[in-house]
1. What's the Cα-based Rg to Rh of region 207-255, Rh via Kirkwood?
2. Can you tell me the order of 154-161, 243-250 when each peptide is scored by its average per-residue count of other Cβ atoms within 10 angstrom, highest first?
3. Pop out the carbon and sulfur fraction of the accessible area of region 70-134 as a percent, whole number, probe 1.4 Å.
4. For region 207-300, what is the largest minus smallest coordinate of the Cα atoms on each principal axis, given in angstrom and ordered from greatest to least?
Amino acid sequence: MKASKAATALGIAVSLGLAGCTQHGSTSQPSPPATSRPPTPPPSTPVTPSTPSLLSTPSAPAPAPSSAPADPASVIESFYAAINAHDYQRAWDLGGSNLGLPYADFAGGFADTAHDVISIDNVKGDVVDVQLHAVHTDGSTADYAGWYVVENGTITRGSLHLVATSGTTHTPVPTTPGGPAGALNPAVTQPTIHSTICVPGWAATIRPPVDETEHLKKQQLAASGAADKNPSHYEEDHIIPLELGGAPSDPANLRPVPLAQARTDDQLENSLHRAVCDGSKTLTAAQSQIEQAKAAEALP
């Protein structure tokens, strides 16, 4: 049996169909409405926070800084230091190849040169103004003035002109037999240079008293064949300077030298001292070079 029921709510007619009635006279218990469960969601997958990969490609290493070329004045000093050491290939590589001569003529041009003393007058940009004092194997000398251009650590061009010459006026008279062999300070060796000669002012702490060297100078002049024996015209010179490890008070390392020659020697000594302390020349090489240079000098 079907029953129909009308209801009105808020002016909207709603028809409800009732099903599941029993026969007339029987009592029907309505079935409980079916309860719908919301669908069970699938298990959620845990989300792991992303982290940077430890295996990511490393960035390229920064390029090593390139060493700056030597300053122009140092290149000129190194050029003449190589010539004095008879290392003509190094002098060629420093720019001798750019001076207009083939290698054989370049190297052969120094055959009669005992040593060169280079003085830096001025540096303006790449241009280095110089004076050159050349001492020849026969005792004569020549003085030059001029300039070099140094670019990227290499001499690219230059010009020197003769200023003055002097002939052989004295026969060299060495203070000690066989030439100025000098004598060394045992405290100065290659491993100790940075605690001795390369410490500013160190040489002054071991320099002998003036009255001691003056007395020796007078003795040596009296025993020499010099026409001029006036001590005031000479300096008592360390053959191997204190700044290069020479013995302070050993007479074998001391000799009287005309004042003008002493000034020239000082320039070479200072240049060699800088080279030893900056590592461009060994101590023994510098000592050998100064000995050779002074052996060629004309002394009273």
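The values are calculated or read from the model by the stated rules, or taken from the named source; none is laboratory data. Bear in mind the structure is a predicted one, so any value in this text is a computation, not a measurement. Glycine also receives a Cβ, built like all others from the backbone with ideal geometry; neighbour counts cover every protein chain displayed. Calculation scope for accessible area: heavy atoms of the full protein, side chains included, ligands and nucleic acids excluded. Shrake-Rupley method; radii C 1.70, N 1.55, O 1.52, S 1.80 Å.
1. Expressed as Rg/Rh, it is 0.97.
2. By packing density, highest mean first, the sequence is 243-250, 154-161.
3. 50
4. 41, 25, 18
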